[in-house]
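Working notes, beginning with the structure itself.
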Amino acid sequence: MKINLKKENLFLFIYITFILTSCGVKKPADIRKEVSSDFVDATPFQQLPEEVSGQIITGVGFSEKRANLALAREAAITSAISDLARKVETKVESVWKRTMADWSEYKQEGMQEAMSIEEIKTMTKNIVDTELKGPWIIQEKIQKSTGRYWVRILLASSTVEKWTKQRINNENLLKKYIIESQIKKVQEDLQKDLDAIKEKESQDLKKIKSLTR
């Protein structure tokens, strides 16, 4: 009797497992193939390996239904600059935090993170307002079917790092964060960094120009 009961329980377990498996989440159909004709690429630009590696920052924008090509191009560039500005903000924050971490042993006691965040915001706004005006190295495309004008701005990541460190290399700013006796050493280190960054920027710009020929 006990053996039969065990068999019944075993069969019941197998049956329930089979039902749950068959009613479970099934692999969805390949929707992309079913509706692929309804979709086009988000932009006509393929991602560059240099974007993935962080060597280049890009901003993509477009415009449509403009009275003439000059207006369409201007609007597309403005759109691309807005996209670029968001990425520049991220880069500025990264450079600032990395630089301050490098000098952690020189920081003044009691330096609050909130002060650092406010400094990043101020620096980012200053860079966006004064530096993101071109001239730009750009790629341009017109979509024949819609007349949409596409623009991609290519900016060397080292250029943003240069802009940021040029602003950090300010005695009044450094006095907020760095022990006074170490400011001269920090400035010397910053200048060495800037010299190296400018050399890298030169090489990066050559690379960008080669990509847009």
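Here is how the numbers come out for the structure above:
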read-out: Residue order, fewest to most surrounding Cβ atoms within 10 angstrom, among Thr164, Thr159, Thr146; value: Thr146, Thr159, Thr164
read-out: Loop trypsin sites (Lys or Arg not before Pro), the range 114-154 (other Cβ atoms within 10 Å of the site Cβ: 14 or fewer; DSSP); value: Lys133, Lys144
read-out: GluC sites (Glu not before Pro) lying in DSSP loop within the range 61-145, provided at most 14 other Cβ fall within 10 Å; value: Glu64, Glu109
read-out: Chain lengthening between Glu51 and Gln166 when straightened (0.36 nm per residue, less Cα-Cα); value: 39.0 nm
read-out: Coarse-grained scattering of the range 48-211 at q = 0.12, 0.13 Å⁻¹, given as base-10 log I(q)/I(0) from a Debye sum over alpha-carbon atoms; value: -0.61, -0.69
read-out: Residues Lys192 and Ala114, FRET efficiency given R0 of 25 Å [Cβ-Cβ distance, rounded to 0.05]; value: 0.25
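We did not get these values from a lab; they are worked out from the coordinates using the rules stated. Remember, it's a predicted structure, so these values are computed and weren't measured experimentally. Counting neighbours? That spans all protein chains shown, and the Cβs are built from the backbone with ideal geometry, glycine included.
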